[in-house]
Amino acid sequence: MADPPQISFEENEYDFGVIMPGDAAVHYFVFSNSGSGPLVISNVRSSCGCTVPAWPKTPIQAGARDSLKVE
């Protein structure tokens, strides 16, 4: 049996600093699939309602990189 997929992030947190009303605040958390099987991300949640995550809906192949957008 092949190794399962394994998600590895380049960074685990990001400080947006002070954001003024109307300012855009976007950050991309880059990750890679360091396992050997396809990585499927089925759900992403943020710890507060003020951020909106977006993630790839297609499988990430072994060794490939992609990102989660947090806005």
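Just a few scattered comments:
- When residues of region 2-44 are limited to those that are in a loop (DSSP other than H, G, I, E, B) and open to solvent by less than 40 Å² (accessible area, probe 1.4 Å), the one farthest from Gln61 (Cα to Cα): Ala25
Matching residues to (1) of a type in the set (Ser, Thr, Tyr); (2) in contact with a Leu (Cβ under 6 Å, 6 or more places away or on another chain); (3) modelled with pLDDT of 90 or more:
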| position | (1), (2), (3) |
| --- | --- |
| Ser8 | yes, no, yes |
| Asn12 | no, no, yes |
| Met20 | no, no, yes |
| Phe29 | no, yes, yes |
| Ser32 | yes, no, yes |
| Gly35 | no, no, yes |
| Leu39 | no, no, yes |
| Lys57 | no, no, yes |
| Lys69 | no, no, yes |
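- Looking across region 45-71, just one residue is closer than 21 Å to Pro5 by Cβ, open to solvent by 70 Å² or more (accessible area, probe 1.4 Å) and either touching an Asp or Glu at 6+ places or on another chain (Cβ under 8 Å) or not in a loop (DSSP other than H, G, I, E, B) (or both), and that is Arg65.
The values are calculated or read from the model by the stated rules, or taken from the named source; none is laboratory data. Since the model is a prediction, treat every value here as computed from it, not as a measurement. Using ideal geometry, Cβ is built from the backbone for each residue, glycine included, and neighbour counts are taken over all protein chains shown. For the accessible areas, the whole protein counts, side chains as well, though only heavy atoms, and no ligand, DNA or RNA atoms are used. Shrake-Rupley method; radii C 1.70, N 1.55, O 1.52, S 1.80 Å.
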